[in-house]
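K.L.:
Okay, here's the structure, questions in a sec.
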Amino acid sequence: MFTRFGRTIVRNPWKVIAVWVVLLVGSFFAPSLADQVSTDQASFLPSRYESVQAQELAERAFGNGDEATATIVVKRDDGQALTAADTQRVGELAGALQSADIDGVGTAVTGPQAVSPNKRVQLVNIALTGAPADPELGEAIGSIRDLVGSTLDDSGLSPAVTGDVAFIVDNQDAFDSALLVVSIVTLVLVVGLLLVIYRSPVAAFLPVVVVGVVSAVSSAVITLFVKAFGMQVDQSLLTILTVVLYGVGTDYIVFLLFRYRERLRAGDASTDALGMAVSRVGEVIASAAAAIVIAFGALLLAVFGGFRSLGPGLAIGVIVMAVAAVTLVPAIVSLIGPKVFWPSKSWQRTPRGSVFQRLGRLTGHRPALVAVASAGIMVVLAWGVFGLKVDYDQVGQLPADTESARALDDLQTGFPAGALNPTTVYVRADDSGRRLDPATLGRYAQTLTSVRGVGSLMPAPDGKPATISADGTTAQINLLLDTSPYSTKALDLAGDDLRKAAHDQAPPGTTALVGGVSSVFADIRDANNRDLRVIFPVAGVLIAVILGLLLRSLVAPVYLMIAVGLGFLATLGATVLAFQGIGDRPGLSFSLPIILYLFVVAIGTDYNILMIARLREEARAGNDPRTAAALAVQHGGPSVAAAGLILAGTFASMLFAGVSFLAEMGFAVSIGIVLSAFVMSLLLVPSITALLGHTAWWPGHGDAAARGGTRGIHGGGPDERRPASGYADAARPSA
């Protein structure tokens, strides 16, 4: 199929390019993907979770279940206790905010009750009108910060604005900055590495042009998809999509250009060489892209909406990139011809005595040694998994110099860590006509404060333990935990002990629901754990099916997937050692394991497909298993190594993002790609295939020899200038 397809593409380049130009122009009229982003993690949870039910109850009963707030944390520049003059100045600030008529700002309240017991911090609590994710409230936070700065200028006081909206604003700024930094670093790395590999500016900038087109088209398609299905997009998608398109796209282009150069060296005319390259690499790209799409598509099984929306978005991007790699790229190269490698002339000659030739000989001569050594490296790294801890602290993901993070640090010098985000217990009368008894609620609230981990009760504005709705059927009790609301301890408390106590001790005839940020992330943790149990095996089985269909084998997919699984564990273990061992992180971001699994499994399978396809071609050229392994490493090694180096470099750009989660992902995926390309695909897979021999292809005959004799590892091959038919052409040396 791909033989005819490749011939059609290279003979009609202008038609192919015209289609892509139309798609590019059409993408400019599509809605913006950035407008579909949601920063509210709770919005990604299904309604069956208690924290979501609590929020819905609050909205019905009080009309503000999703109302936003802001808090100004004020301390002295010298760190000393606030004076009477200082508290008066803070009171004047609250009055100024109240009278400033800022859109979205309701009441601004402070007073003696807002001064910490040690007098070091005073709070101004601001009620905002709207949901935290409302863009207008983001502008209101900017106006509040401007007014606060001008009002307390030269006062000796240091203010900082925080709260749910402020976190969203600072988080979005951090991710926007990260996207810019990652895009620049990725571009520099891709171009720089390709210049080193090809010594050609044309080949180096080709991926930049293609990825630019694909990025615009795929973003438009993703936007239309999420709008059609009413989905929300996690804010990390934009950054991750950029890296994926550059990395995967460059990989596919490298695969194609290496095979094109190989056929030119074998003496083929430019058009024939390119058509043959598309026919050979097209199957590899299609299978590799299918593996990635299936892996990302498995996220549709997630109950956590952040994962569910991330999967289709990345899958669409990969599909568009794969289509471009076998259509747009060959069309452009067919017009340029061998000048794609200009001004270098190294494409005209085959290197001798390369590293990959020596590595191939070692693999062919000592497959058992290579298999044990490469597997041993990954097993050692995999031990780090036993130290894995998971972190749900979204504030800790922000750069430490953001105003929200600084305000939280200031707050904790005078108040309990949970003061900014109270854990709220809602009590609802089961009989809608029955009013709740304030005295009973007071005793119930005091009972909840006795739960270990609850610091204190946060009184209602009228000083009472609970706020009762206008109809008297619902009450709100705010509890301050004695630890950070995002900590594992807080999640354990809000999702287990506190919920159990709230349910068991609820007044007769009532139902209690626990809400607040700790409760939300406790539910997110439960959803995440469920998704890990479902997505891991489903993605693995589906990718194994793709490999089975490609190779017509039951044996090869098994050891390929075992190798990929070992690569995932080694990658996760190395990341744990780097961030929890050498670094000071309390744990890895909760979403990292599942995203890392999908990337390492999908991309590792990419390289395995390229290598196993080459092993099959070398076997079909008439080589015995060990010779086929040696030649596969010699011929396929350069493209795997180049692609792995480029992809690892693009993900490493995320280390410069300034956001902890992106830095963790950049490091983890980079290490995973290095292990997948240089240890698993170049060493482990060829050596195991050489040891298994014909058994690797059972029950099919994927290694059935085509016409031609057997070649030894040290022997010469057929004349490199002679064109070959079938799979025998793949056995010629290449750089």
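The values are calculated or read from the model by the stated rules, or taken from the named source; none is laboratory data. Since the model is a prediction, treat every value here as computed from it, not as a measurement. Methodologically, a virtual Cβ is constructed for each residue, glycine included, from the backbone with ideal geometry; neighbour enumeration extends over all protein chains shown.
K.L.:
Could you tell me whether the stretch 277-292 includes any residue that is in a helix (DSSP H, G or I) and free of Cβ contacts under 8 Å to residues at least 12 places away in the same chain?
P.N.:
no
K.L.:
Among the numbered criteria (1) of a type outside the set (Ser, Thr, Tyr); (2) more than 30 Å from GLN634 (Cβ to Cβ); (3) touching a Lys or Arg at 6+ places or on another chain (Cβ under 6 Å); (4) not in a loop (DSSP other than H, G, I, E, B), which one does GLY364 miss?
P.N.:
Status for GLY364: all satisfied but (2).
K.L.:
Assess whether THR510 counts as being within 19 Å of LEU457 (Cβ to Cβ), at pLDDT 90 or above and either touching a helix residue (DSSP H, G or I) at 6+ places or on another chain (Cβ under 9 Å) or buried (at least 16 other Cβ atoms within 10 Å of the Cβ) (or both).
P.N.:
Yes.
K.L.:
Do we have VAL674 as β-branched (Val, Ile, Thr), within 22 Å of LEU577 (Cα to Cα) and surrounded by fewer than 24 Cβ atoms within 10 Å (Cβ to Cβ) here?
P.N.:
Judged against the criteria, VAL674 is a match.
K.L.:
Return the residues of the stretch 513-526 that are crowded, with 20+ Cβ neighbours inside 10 Å and more than 12 Å from VAL425 (Cβ to Cβ); say none if nothing qualifies.
P.N.:
Selection gives VAL517, VAL520, PHE521, ALA522, ASP523, ILE524.
K.L.:
I need the full set of residues from the stretch 464-504 which are surrounded by fewer than 18 Cβ atoms within 10 Å (Cβ to Cβ) and not in a loop (DSSP other than H, G, I, E, B), in order please.
P.N.:
LYS489, ASP492, ASP496, ASP497, LYS500, HIS503, ASP504
K.L.:
So, in the stretch 10-25, of the ones that are touching a helix residue (DSSP H, G or I) at 6+ places or on another chain (Cβ under 7 Å) and modelled with pLDDT of 85 or more, which residue ends up surrounded by the most Cβ atoms within 10 Å (Cβ to Cβ)?
P.N.:
Top of the filtered list is VAL16.
K.L.:
For the stretch 633-642, does any single residue satisfy the condition of being assigned to a helix (DSSP H, G or I), buried (at least 24 other Cβ atoms within 10 Å of the Cβ) and free of Cβ contacts under 8 Å to residues at least 40 places away in the same chain? Can you show your working first?
P.N.:
Applying the first criterion (assigned to a helix (DSSP H, G or I)) to the stretch 633-642 yields 633-642.
Okay, now just the ones that are also buried (at least 24 other Cβ atoms within 10 Å of the Cβ), so 633-637, 639-640.
With free of Cβ contacts under 8 Å to residues at least 40 places away in the same chain added as a condition, the list becomes 636.
Taking every residue of the stretch 633-642 in turn, at least one turns out to be assigned to a helix (DSSP H, G or I), buried (at least 24 other Cβ atoms within 10 Å of the Cβ) and free of Cβ contacts under 8 Å to residues at least 40 places away in the same chain.
K.L.:
Let me ask something additional. Can you report the number of residues in the stretch 74-92 which are surrounded by 12 or more Cβ atoms within 10 Å (Cβ to Cβ), aliphatic (A, V, I, L, M) and assigned to a helix (DSSP H, G or I)?
P.N.:
1
K.L.:
Working carefully through the options VAL541, VAL514, VAL534, VAL564, find the one that is free of Cβ contacts under 8 Å to residues at least 12 places away in the same chain and of a type in the set (Val, Ile, Thr). Working first, answer last.
P.N.:
On the way: VAL514 fails: free of Cβ contacts under 8 Å to residues at least 12 places away in the same chain; VAL534 fails: free of Cβ contacts under 8 Å to residues at least 12 places away in the same chain; VAL564 fails: free of Cβ contacts under 8 Å to residues at least 12 places away in the same chain.
On inspection, the qualifying residue turns out to be VAL541.
K.L.:
Among the listed residues ILE184, ILE168, ILE197, which satisfies the condition of being among the aliphatic types (A, V, I, L, M), surrounded by fewer than 19 Cβ atoms within 10 Å (Cβ to Cβ) and farther than 22 Å from PHE296 by Cα? Break it down stepwise before answering.
P.N.:
Numbers: ILE168 fails: surrounded by fewer than 19 Cβ atoms within 10 Å (Cβ to Cβ); ILE197 fails: surrounded by fewer than 19 Cβ atoms within 10 Å (Cβ to Cβ).
After ruling out the rest, the residue left standing is ILE184.
K.L.:
Shifting gears a bit: Can you find even one residue in the stretch 545-565 that is surrounded by 21 or more Cβ atoms within 10 Å (Cβ to Cβ), assigned to a helix (DSSP H, G or I) and within 18 Å of the chain's Cα centre (by Cα)?
P.N.:
For the stretch 545-565, residues surrounded by 21 or more Cβ atoms within 10 Å (Cβ to Cβ), assigned to a helix (DSSP H, G or I) and within 18 Å of the chain's Cα centre (by Cα): absent.
K.L.:
Does ALA100 count as surrounded by fewer than 17 Cβ atoms within 10 Å (Cβ to Cβ) and either touching a Phe, Trp or Tyr at 6+ places or on another chain (Cβ under 8 Å) or farther than 17 Å from ALA405 by Cα (or both)?
P.N.:
On the way: surrounded by fewer than 17 Cβ atoms within 10 Å (Cβ to Cβ): yes; either touching a Phe, Trp or Tyr at 6+ places or on another chain (Cβ under 8 Å) or farther than 17 Å from ALA405 by Cα (or both): yes.
Yes, satisfied.
K.L.:
Just the residues that are of a type outside the set (S, T, N, Q) and free of Cβ contacts under 8 Å to residues at least 40 places away in the same chain, please, taken from the stretch 434-454. Before the answer, list the steps.
P.N.:
Of the stretch 434-454, the ones of a type outside the set (S, T, N, Q) are 434-439, 441-445, 448, 451-454.
Those that are of a type outside the set (S, T, N, Q) and free of Cβ contacts under 8 Å to residues at least 40 places away in the same chain: ARG435, PRO438, ALA439, GLY442, ARG443, ALA445.
K.L.:
Within the group ASP66, ASP35, which residue is outside any helix (DSSP H, G or I), of a type outside the set (Lys, Arg) and either at pLDDT below 85 or assigned by TED's automatic domain parsing to the domain that holds GLY156 (or both)?
P.N.:
The match here is ASP66.
K.L.:
Would a scan of the stretch 425-432 turn up a residue that is surrounded by fewer than 15 Cβ atoms within 10 Å (Cβ to Cβ), free of Cβ contacts under 8 Å to residues at least 24 places away in the same chain and over 30 Å from ALA174 (Cα atoms)?
P.N.:
no
K.L.:
In the stretch 458-480, how many are closer than 21 Å to GLY163 by Cβ and in contact with a strand residue (DSSP E or B) (Cβ under 6 Å, 6 or more places away or on another chain)?
P.N.:
8
Matching residues to (1) in contact with a helix residue (DSSP H, G or I) (Cβ under 7 Å, 6 or more places away or on another chain); (2) over 30 Å from HIS503 (Cα atoms); (3) not small (Gly, Ala, Ser):
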{"site": "GLU50", "(1), (2), (3)": "yes, no, yes"}
{"site": "ALA61", "(1), (2), (3)": "no, no, no"}
{"site": "THR69", "(1), (2), (3)": "yes, no, yes"}
{"site": "ARG76", "(1), (2), (3)": "yes, yes, yes"}
{"site": "GLY91", "(1), (2), (3)": "no, yes, no"}
{"site": "GLY95", "(1), (2), (3)": "no, yes, no"}
{"site": "ASP101", "(1), (2), (3)": "no, yes, yes"}
{"site": "THR110", "(1), (2), (3)": "yes, yes, yes"}
{"site": "SER116", "(1), (2), (3)": "no, yes, no"}
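K.L.:
Something else now. Cβ-Cβ under 9 Å, sequence separation 6+ or interchain: first residue in the stretch 455-479 and without any contact (Cβ under 8 Å) to a residue 40 or more places away in the chain, partner among the acidic types (Asp, Glu) and part of a loop (DSSP other than H, G, I, E, B). Which pairs?
P.N.:
GLY455/ASP482
K.L.:
Being out of contact with any strand residue (DSSP E or B) (no Cβ under 9 Å at 6 or more places or on another chain) and more than 17 Å from VAL390 (Cβ to Cβ) is the filter here; which residues of the stretch 505-536 pass it?
P.N.:
Correct list: PRO508, VAL534.
K.L.:
Tell me whether the stretch 609-632 contains one or more residues that are assigned to a helix (DSSP H, G or I), under 24 Å from ALA668 (Cβ atoms) and under 24 Å from the mean Cα position of the chain (by Cα). Working first, answer last.
P.N.:
Quick first cut of the stretch 609-632, residues assigned to a helix (DSSP H, G or I) only: 609-620, 625-632.
Now drop any that are not under 24 Å from ALA668 (Cβ atoms), which leaves 609-611.
With under 24 Å from the mean Cα position of the chain (by Cα) added as a condition, the list becomes 609.
Within the stretch 609-632 (the criterion being assigned to a helix (DSSP H, G or I), under 24 Å from ALA668 (Cβ atoms) and under 24 Å from the mean Cα position of the chain (by Cα)), the answer is yes, since at least one residue qualifies.
K.L.:
Only one of these is touching a residue at least 40 places away in the same chain (Cβ under 8 Å) and touching a Pro at 6+ places or on another chain (Cβ under 7 Å): LEU359, LEU335. Name it.
P.N.:
When all the criteria are applied, what remains is LEU335.
K.L.:
Exactly one condition in (1) within 30 Å of ASN529 (Cβ to Cβ); (2) part of a helix (DSSP H, G or I); (3) of a type in the set (Asp, Glu) is false for ASP584; which is it?
P.N.:
Unmet condition: (2).
K.L.:
Is there a residue in the stretch 284-295 that is modelled with pLDDT under 80 and more than 21 Å from SER639 (Cα to Cα)?
P.N.:
Checked the stretch 284-295: at least one residue is modelled with pLDDT under 80 and more than 21 Å from SER639 (Cα to Cα).
K.L.:
Restricting the search to the stretch 648-671, which residues are surrounded by fewer than 24 Cβ atoms within 10 Å (Cβ to Cβ), in contact with a Leu (Cβ under 6 Å, 6 or more places away or on another chain) and aliphatic (A, V, I, L, M)?
P.N.:
ALA663
K.L.:
Against the condition assigned by TED's automatic domain parsing to the domain that holds LYS75, over 21 Å from GLY414 (Cβ atoms) and touching a residue at least 24 places away in the same chain (Cβ under 8 Å), how does VAL105 come out, does it pass?
P.N.:
Criteria met by VAL105.
K.L.:
Can we say LEU300 is farther than 21 Å from GLY604 by Cβ, assigned to a helix (DSSP H, G or I) and without any contact (Cβ under 8 Å) to a residue 40 or more places away in the chain?
P.N.:
Criteria met by LEU300.
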